[in-house]
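Following: one structure in structure tokens, then a few remarks.
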Amino acid sequence: MTIIVVGASGATGSLLVEQLLERGELVRVVVRKESSLSIAVQENDRLSITKASLLDMTHVELKALVQGCSAVVSCLGHNMNVKGIYGHPRRLVTDAVERLCTAIKAMKPERPVKFILMNTTGNKNESAGEKISFAQTMVIGLIRYLLPPHADNEQAAAYLQSTFASHQGVIEWVAVRPDSLLNEVSVSDYTAHESPIRSAIFDAGQTSRINVAHFMSQLIVNNDTWQAWKFKMPVIYNQEGQTK
């Protein structure tokens, strides 16, 4: 199986790449600098590295990148500094998802390609009928206005929902929504839910990045897990007491 990971040099993406390589999968990554990957990962013969900014790649280059892939994972995110939040590209995640999906469609795959988007629990899944309080609605509206990356995450998930419904056979997708992210050294117990079980604003939970990576790897390699969550937006929480 060949898996493409974009955002592979990030805190969560790098953990996913490591887990997939440990499982013996073939992994392709797009990074600006090879040095952003660990030496052990760089030297793994199952890893293929494309040195580029994904949004600068041509359609032909993207078609070559996705050719023969079984799954694509976007762990892209904006840098949490002034330039990353307010500079360009404002639609980093959305534009990357749209361009990758366009390349997959052009590939005309024989079977649906899995597309996994790392998203956020602050993104309400309206198509699933999720409800949030008036106060949380107001706060998220303010965040959407003040922090463009939040709107970008919302738009990326909305694109997958609106463009690739369950009746088409090109792309199947899952948008994974972790809560407040933590750095931990090993996988711990965690739970996945179709919708948030607590307020992302007023009662946020915790999710280890390594657990997010583990869940995404399970979506890729475990068919039962994929069938349970495809076309959904699961919310991931660490089990209470795991990271206290």
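The values are calculated or read from the model by the stated rules, or taken from the named source; none is laboratory data. From a predicted model like this one, the values you see are computed outputs, not experimental measurements. Glycine also receives a Cβ, built like all others from the backbone with ideal geometry; neighbour counts cover every protein chain displayed.
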**Asked** Gly77 is checked against (1) in contact with a strand residue (DSSP E or B) (Cβ under 7 Å, 6 or more places away or on another chain); (2) closer than 21 Å to Leu160 by Cα; (3) among the small types (Gly, Ala, Ser); (4) at pLDDT below 95 and fails just one. What number does that condition carry?
**Response** (1)
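Where in the range 133-244 are the strands (runs of 3 or more DSSP E), entirely inside, with at least 1 residues that are among the aromatic types (Phe, Trp, Tyr) and surrounded by 17 or more Cβ atoms within 10 Å (Cβ to Cβ)?
171-178, 190-193, 235-238
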**Prompt:** What's the number of the condition Arg90 fails, among (1) buried (at least 18 other Cβ atoms within 10 Å of the Cβ); (2) assigned to a loop (DSSP other than H, G, I, E, B); (3) in contact with a Pro (Cβ under 8 Å, 6 or more places away or on another chain); (4) not β-branched (Val, Ile, Thr)?
**Reply:** (1)
**Complete:** Among residues of the range 35-55 being of a type in the set (A, V, I, L, M, F, W, C) and farther than 19 Å from Ala96 by Cα, the residue modelled with the highest pLDDT is Leu47
**Prompt:** Among Leu160, Leu182, Leu147, which is more than 25 Å from Pro89 (Cα to Cα) and in contact (Cβ under 8 Å) with a residue 12 or more places away in the chain?
**Reply:** Leu182
**Prompt:** Take the residues of the range 1-45 that are polar (S, T, N, Q) and out of contact with any Ser or Thr (no Cβ under 8 Å at 6 or more places or on another chain): which is farthest from Leu219 (Cα to Cα)?
**Reply:** Ser35
**Prompt:** Are there any pairs, at least 6 apart or on different chains, whose C-beta atoms fall under 8 Å, with the first in the range 43-65 and free of Cβ contacts under 8 Å to residues at least 60 places away in the same chain and the second β-branched (Val, Ile, Thr) and part of a helix (DSSP H, G or I), and if so, which?
**Reply:** Leu47/Val17; Leu47/Val41; His59/Thr102; Leu62/Thr102
